[in-house]
Amino acid sequence: MSNERQQTIRHEIISLLTNGPMTVREISQSVGIMEKDVYHHLTFIEKTLRRRKKRIDLEPYYCLDCGFKFNKRKTFKKPGKCPACRDGRIASAVFRIDS
């Protein structure tokens, strides 16, 4: 079987984010999982990294219409609509691992 993984999905995501910043879509395509699963894995990766004195750093989501930035967002999931202008066009956040 040539499709066997050399490491777990979470380890793959950690190594990708250590090498450079990526969006959820880029992580999804690199690892071969659905985007909604990436959000789930990021939550657990954050806990793992906290024990290693590292963290997931991100450039926040922002509204493409008015420019509102979602700086105080506590979850990794993409917001549905902008609270300022109610537009649904939200730019993706960019994730990376910062020590």
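Computed values, structure above
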quantity	calculated
In the stretch 21-46, the residues that are among the small types (Gly, Ala, Ser) and over 16 Å from Ser92 (Cα atoms)	Ser30, Gly32
Residue list for the stretch 7-50, restricted to those being among the acidic types (Asp, Glu) and more than 12 Å from the chain's Cα centre (by Cα)	Glu12
Scope the stretch 18-48; condition farther than 12 Å from Arg96 by Cα and in contact with a strand residue (DSSP E or B) (Cβ under 8 Å, 6 or more places away or on another chain); matching residues	Ser30
Ile9 among the hydrophobic types (A, V, I, L, M, F, W, C), touching a residue at least 24 places away in the same chain (Cβ under 8 Å) and touching a Gly at 6+ places or on another chain (Cβ under 9 Å)	yes
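Every number here is computed from the coordinates shown, using simple stated rules; none is lab data. Everything numeric in this text was worked out from a predicted model, so none of it was measured. Cβ atoms come from the backbone with ideal geometry, glycine included; neighbour counts cover every protein chain shown.
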